[in-house]
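Data block below; observations after.
The values are calculated or read from the model by the stated rules, or taken from the named source; none is laboratory data. Since this is a predicted model, take the numbers as computed values, not measurements. Cβ coordinates were reconstructed from backbone atoms using ideal geometry, including for glycine residues, and neighbour counts include every protein chain displayed.
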Amino acid sequence: MSTEDTLTRMANDIAKNFSAIGHAAAVEATADHIHQFWDPRMKAKAYAMIRDGHDSFSEPAHAAITLLMQGKAPGSQTRATEFSGVGGMGRSDAG
């Protein structure tokens, strides 16, 4: 599986997990999760994929990544991102 496939799957899974809270809230929660937990290299690759016309992201995942590309990172949307800030632990999906 390529890096692009992995990032697409991850972003789409995150957006799908937030779908129950409604589209707009899911976009913001997905953007928050990516902003808080993805390694800068992962974010940079996702941004490049969007710029290059990569079309496998779901609509909410695409909207979330685009929001971050525009420098519009939302504040904390879930308790998970609030918890992540405690004690400086975590903050990366990279491992």
Review point. Restricting attention to region 39-83, which residues are under 13 Å from residue 14 (Cα atoms), outside any helix (DSSP H, G or I) and modelled with pLDDT of 95 or more?
Key: 57, 58
**Study point:** Count of region 17-56 residues which are among the small types (Gly, Ala, Ser), closer than 12 Å to residue 67 by Cα and surrounded by fewer than 20 Cβ atoms within 10 Å (Cβ to Cβ)
**Key:** 1
